[in-house]
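To keep things clear, I will list the structure first and then write my remarks on it.
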Amino acid sequence: MESVLALHNISKRYGPIQALNDVSFEVPEGSVFGILGPNGSGKTTMLSIILDILRPNTGNFSWFGVLGGSPDCRKKIGSLLETPNFYHYLSAVDNLNITQAISGRGTPADIDAVLEIVNLTQRKKSKFSTYSLGMKQRLAIAAAFLGNPKVLVLDEPTNGLDPVGIAEIRRLIKELAARGVTIIMASHLLDEVEKVCTHVAILKKGILLTAGAVDEVLVNEDIVELSSSDIDLLENVLQDYPLKTNIKKEGNILHLFFPVGTANLENINQFCFEKGVTLNMLLYKKKSLETKFLELTSATNN
Ligand code: ADP
Ligand code: MG
């Protein structure tokens, strides 16, 4: 997969506050990429940097392989960082006409299409002031989608919405992704990222903890670490061990992966012994979404 955006060693300070610390990752084309982290972890700062609203102190980034992006690249990127100022007494159509004229993104002919995408066609003539919060947010996404961008950057798009509004926005994000739009969205909700995103970068206090495919990063599984003096023999023997989902070798240690709750150390030990391999290390590690999230959000764990 091509990468749409690549960040290289981005750091950003606000006076004494290190908001981002040497952050690097890539966003694959067609992904729904979540920037996950608690409040204050640097998500908005990061989105502001990739949108040229803020300059990093060090590091750089490329859009579509172009270092720093280019005016041509910008046209392919729609964004929603802060709720735009729509006119309360004007309709959705009139508001989008104004947004389109000011931004120059897309043409007036696109307005009906974006309203259809965000499912506001039936209410397009209603005054903005009559909209629910969810509808207002969908109108904001419609505005960001003017000009048919290849990438949408959204900062906490479901914040402040009621459950119905949240469900609508999540469904819209998936629909846009199904059209081939790459979505980059900040969220402080693990659950949201798990439900909506294909990829994730987890930030804590400006430091990137991990990044990658959601089903790899946010795995819900048991991991057993084990070792013996002949690691290759051990690896061979374990090929026949039932129930495991994967084996990975890291240096002198093997990582055995199991569906959550199914790893059994005694069985593993006995199995190896019967095959003539004596273990010198056997360790159970439970990695779950909750563990990951606790690592991330724990106030005591600095
Ligand atoms: P998030 O979006 O994840 O909540 P932010 O990027 O908004 O995080 O903030 C990251 C850190 O930088 C926080 O400690 C925040 O207080 C600080 N910060 C953000 N913007 C500014 C600013 N303009 N001036 C000073 N500190 C800021
Ligand atoms: Mg923020």
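Away from ligand 1 (no atom under 16 Å from the Cβ), touching a Lys or Arg at 6+ places or on another chain (Cβ under 9 Å) and in a helix (DSSP H, G or I), is that true of ILE141?
On the way: away from ligand 1 (no atom under 16 Å from the Cβ): yes; touching a Lys or Arg at 6+ places or on another chain (Cβ under 9 Å): no; in a helix (DSSP H, G or I): yes.
No, not satisfied.
With the condition kept exactly as written, say whether any residue in the stretch 215-232 is within 16 Å of ligand 1 (Cβ to nearest atom), under 30 Å from LYS12 (Cα atoms) and at pLDDT below 95. Lay out the reasoning, then the answer.
Quick first cut of the stretch 215-232, residues within 16 Å of ligand 1 (Cβ to nearest atom) only: none.
No, there is no match, as no residue in the stretch 215-232 is within 16 Å of ligand 1 (Cβ to nearest atom), under 30 Å from LYS12 (Cα atoms) and at pLDDT below 95.
Restricting to the stretch 106-116, give me the number of residues that are under 31 Å from the mean Cα position of the chain (by Cα) and surrounded by fewer than 20 Cβ atoms within 10 Å (Cβ to Cβ).
Step one: of the stretch 106-116, the residues under 31 Å from the mean Cα position of the chain (by Cα) are 106-107, 110-116.
From what's left, surrounded by fewer than 20 Cβ atoms within 10 Å (Cβ to Cβ): 107, 110, 112-113, 116.
Here the count works out to 5.
ARG55 - would you say it is in the same structural domain as THR121 (by TED's automatic domain parsing), in contact with a helix residue (DSSP H, G or I) (Cβ under 9 Å, 6 or more places away or on another chain), among the charged types (D, E, K, R) and more than 11 Å from ligand 1 (Cβ to nearest atom)?
Details: in the same structural domain as THR121 (by TED's automatic domain parsing): yes; in contact with a helix residue (DSSP H, G or I) (Cβ under 9 Å, 6 or more places away or on another chain): yes; among the charged types (D, E, K, R): yes; more than 11 Å from ligand 1 (Cβ to nearest atom): yes.
Spelling it out, ARG55 is indeed in the same structural domain as THR121 (by TED's automatic domain parsing), in contact with a helix residue (DSSP H, G or I) (Cβ under 9 Å, 6 or more places away or on another chain), among the charged types (D, E, K, R) and more than 11 Å from ligand 1 (Cβ to nearest atom).
Could you please find all residues in the stretch 176-209 being within 25 Å of GLU2 (Cβ to Cβ), in a loop (DSSP other than H, G, I, E, B) and of a type outside the set (Val, Ile, Thr)?
Scanning the stretch 176-209 gives ARG179, GLY180, CYS197.
Going residue by residue through the stretch 233-249, is there one that turns out to be part of a loop (DSSP other than H, G, I, E, B), within 30 Å of LEU36 (Cα to Cα) and outside the structural domain of SER187 (by TED's automatic domain parsing)? Outline the logic, then answer.
Here is the first cut: in the stretch 233-249, the residues part of a loop (DSSP other than H, G, I, E, B) are 239-245.
With within 30 Å of LEU36 (Cα to Cα) added as a condition, the list becomes 244-245.
Add one more test, that the residue is outside the structural domain of SER187 (by TED's automatic domain parsing), and what stays is 244-245.
Checking the stretch 233-249: at least one residue is part of a loop (DSSP other than H, G, I, E, B), within 30 Å of LEU36 (Cα to Cα) and outside the structural domain of SER187 (by TED's automatic domain parsing).
Scan the stretch 183-198 residue by residue and report those that are buried (at least 22 other Cβ atoms within 10 Å of the Cβ) and touching a Ser or Thr at 6+ places or on another chain (Cβ under 6 Å).
Scanning the stretch 183-198 gives a single hit, VAL193.
Residue check: is LEU146 of a type in the set (A, V, I, L, M, F, W, C) and touching a Gly at 6+ places or on another chain (Cβ under 7 Å)? Full working, then the answer.
On the way: of a type in the set (A, V, I, L, M, F, W, C): yes; touching a Gly at 6+ places or on another chain (Cβ under 7 Å): yes.
Yes: the conditions hold for LEU146.
Which residue is nearest to LYS205 (Cα to Cα), if the candidates are limited to the stretch 49-79 and must be within 16 Å of ligand 2 (Cβ to nearest atom) and open to solvent by less than 10 Å² (accessible area, probe 1.4 Å)?
Once the filter is applied, the top-ranked residue is ILE49.
Could you tell me whether the stretch 165-182 includes any residue that is farther than 17 Å from THR44 by Cα, open to solvent by less than 20 Å² (accessible area, probe 1.4 Å) and small (Gly, Ala, Ser)?
yes
Filter the stretch 129-146 for residues that are under 30 Å from the mean Cα position of the chain (by Cα) and either more than 13 Å from ASP162 (Cα to Cα) or of a type in the set (Lys, Arg) (or both) and give the result.
Initially, the stretch 129-146 is screened for residues under 30 Å from the mean Cα position of the chain (by Cα), giving 131-146.
Within the stretch 129-146, TYR131, LYS136, ARG138, LEU139, ALA140, ILE141, ALA142, ALA143, ALA144, PHE145, LEU146 meet the criteria.
Can you confirm whether THR83 is among the polar types (S, T, N, Q), crowded, with 19+ Cβ neighbours inside 10 Å and in a loop (DSSP other than H, G, I, E, B)?
So THR83 does not fit the description; no.
Yes or no: the stretch 211-224 includes at least one residue that is within 16 Å of ligand 2 (Cβ to nearest atom), assigned to a helix (DSSP H, G or I), touching a residue at least 60 places away in the same chain (Cβ under 8 Å) and not basic (Lys, Arg). Can you show your working first?
Applying the first criterion (within 16 Å of ligand 2 (Cβ to nearest atom)) to the stretch 211-224 yields none.
No, the stretch 211-224 has no match at all.
Would you check which residues across the stretch 19-44 are more than 25 Å from LYS195 (Cβ to Cβ) and buried (at least 16 other Cβ atoms within 10 Å of the Cβ) and list them?
Step one: list which residues in the stretch 19-44 are more than 25 Å from LYS195 (Cβ to Cβ), which gives 19-22, 24.
Result: ALA19, LEU20, ASN21.
The values are calculated or read from the model by the stated rules, or taken from the named source; none is laboratory data. Here the structure is a predicted model, which means the values were calculated and not measured. Cβ coordinates were reconstructed from backbone atoms using ideal geometry, including for glycine residues, and neighbour counts include every protein chain displayed. Please note that ligands, DNA and RNA were not included when accessible areas were found on the heavy atoms of the full protein model with its side chains. Shrake-Rupley method; radii C 1.70, N 1.55, O 1.52, S 1.80 Å.
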